[in-house]
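The values are calculated or read from the model by the stated rules, or taken from the named source; none is laboratory data. All values reported here derive from a predicted model rather than from experimental measurement. Heads up, the Cβs are rebuilt from the backbone with ideal geometry, glycines too, and the neighbour counts pull from every protein chain shown.
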Amino acid sequence: MALGREFVADWIARSAQAISEHRSELITLDREIGDGDHGENMDRGFTAVAVKSGDLPADATPADVLKVVATTLISTVGGASGPLYGTAFLKGSQAVADRAELDGAAIVAFLTAARDGIVLRGKAEVGDKTMIDAWTPAVDAAAAAQAEGRSEAEILAAAADAAQSGAESTDPLVARKGRASYLGERAIGHRDPGSVSTTLILRAAADAAAA
Ligand code: ADP
Ligand code: MG
Ligand code: MG
């Protein structure tokens, strides 16, 4: 079943809930290899997103809602991750503009454009120990699931599972982008916080699609 505006609203609500529940975990991860603000930044941003997206008119499309997510994240999250997540949702919303509902192809288009937006802004590659280590496997897994003709919920579950593995894959890495890159080998053994928040957001999407 294609996913409409209610799906996007549920996705946002579940993301805000998950980020809030994992706030201190994200703070701890960012304290280990960054400046400790990722949980606070993301919680502030998604709390604002949940409020702002509720103000939209009833005929708003998924892309309209996703654009509000983008602008709200850009203005409230701050740090490195605010502009990156903001660009992700902005490019993703443009990729699904004017669709009343998101089918599997639209979901893959959204995820691909979101990831490409992050890369355009942050210039990270897989293996640099950033949120891209979660996003790129997620995009690849979603595209593979879509090519197999799987449902929207299955496509998003495949993306979330791959993001989770991708986040785990950052543990042994030295960071080449972001604050953690200042630490050199001291970043080894710690998970990248942005890859964990990405996993939470994609898992929220999968849960919303399955609900
Ligand atoms: P800051 O580092 O400015 O305090 P946050 O703590 O909110 O910002 O976000 C840190 C996260 O941002 C990192 O864990 C990483 O996933 C992500 N990040 C940082 N720089 C980049 C980059 N150039 N490309 C992709 N992601 C990045
Ligand atoms: Mg930080
Ligand atoms: Mg900071």
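Of all the residues in the range 165-206, those that are within 16 Å of ligand 3 (Cβ to nearest atom), within 12 Å of His38 (Cβ to Cβ) and assigned to a loop (DSSP other than H, G, I, E, B) number 2.
Can you tell me which residue within the range 73-114, out of those that are within 16 Å of ligand 2 (Cβ to nearest atom) and of a type in the set (Gly, Ala, Ser), is nearest to Gln146 (Cα to Cα)? It comes out as Gly86. Taking the conditions exactly as written (aliphatic (A, V, I, L, M) and either modelled with pLDDT under 95 or within 16 Å of ligand 2 (Cβ to nearest atom) (or both)), does Ala211 satisfy them or not? It is true that Ala211 is aliphatic (A, V, I, L, M) and either modelled with pLDDT under 95 or within 16 Å of ligand 2 (Cβ to nearest atom) (or both).
Restricting attention to the range 14-67, the residues being assigned to a helix (DSSP H, G or I), within 21 Å of Leu111 (Cα to Cα), without any contact (Cβ under 8 Å) to a residue 60 or more places away in the chain and not polar (S, T, N, Q) number 10.
Those residues that are closer than 16 Å to Ile201 by Cα and either more than 9 Å from ligand 1 (Cβ to nearest atom) or surrounded by fewer than 18 Cβ atoms within 10 Å (Cβ to Cβ) (or both), I need them from the range 29-44; list them, please.
Step one: filter the range 29-44 for residues closer than 16 Å to Ile201 by Cα, giving 38-44.
Glu40, Asp43, Arg44, listed by residue number.
Could you list, in sequence order, all residues of the range 124-148 that are of a type in the set (D, E, K, R), buried (at least 22 other Cβ atoms within 10 Å of the Cβ) and not in a loop (DSSP other than H, G, I, E, B)?
First, pick out the residues of the range 124-148 that are of a type in the set (D, E, K, R): 125, 128-129, 133, 140, 148.
Next, from what is left, pick out any that are buried (at least 22 other Cβ atoms within 10 Å of the Cβ): 129, 133.
The one that is of a type in the set (D, E, K, R), buried (at least 22 other Cβ atoms within 10 Å of the Cβ) and not in a loop (DSSP other than H, G, I, E, B): Asp133.
Of all residues in the range 76-99, those being surrounded by fewer than 23 Cβ atoms within 10 Å (Cβ to Cβ) and hydroxyl-bearing (Ser, Thr, Tyr) number 2.
Is it true that Leu111 is more than 16 Å from ligand 3 (Cβ to nearest atom) and farther than 28 Å from Ala153 by Cβ?
Details: more than 16 Å from ligand 3 (Cβ to nearest atom): yes; farther than 28 Å from Ala153 by Cβ: no.
In short, no.
Within the range 100-123, the set of residues being over 12 Å from Trp135 (Cβ atoms), crowded, with 18+ Cβ neighbours inside 10 Å and not hydrophobic (A, V, I, L, M, F, W, C) comprises Gly104 only. The C-beta contact set for the range 176-196 (first residue without any contact (Cβ under 8 Å) to a residue 60 or more places away in the chain, second residue away from ligand 2 (no atom under 11 Å from the Cβ) and of a type in the set (Asp, Glu), distance under 7 angstrom, 6+ apart or interchain) comprises Arg176/Asp128; Lys177/Asp128; Gly189/Asp171.
Filtering the range 159-185 to residues that are within 16 Å of ligand 2 (Cβ to nearest atom) and surrounded by fewer than 20 Cβ atoms within 10 Å (Cβ to Cβ) leaves Lys177, Arg179, Ser181, Tyr182, Leu183.
If the condition is being more than 16 Å from ligand 3 (Cβ to nearest atom) and among the charged types (D, E, K, R), then the range 13-63 contributes Arg14, Glu21, Glu25, Lys52, Asp55, Asp59.
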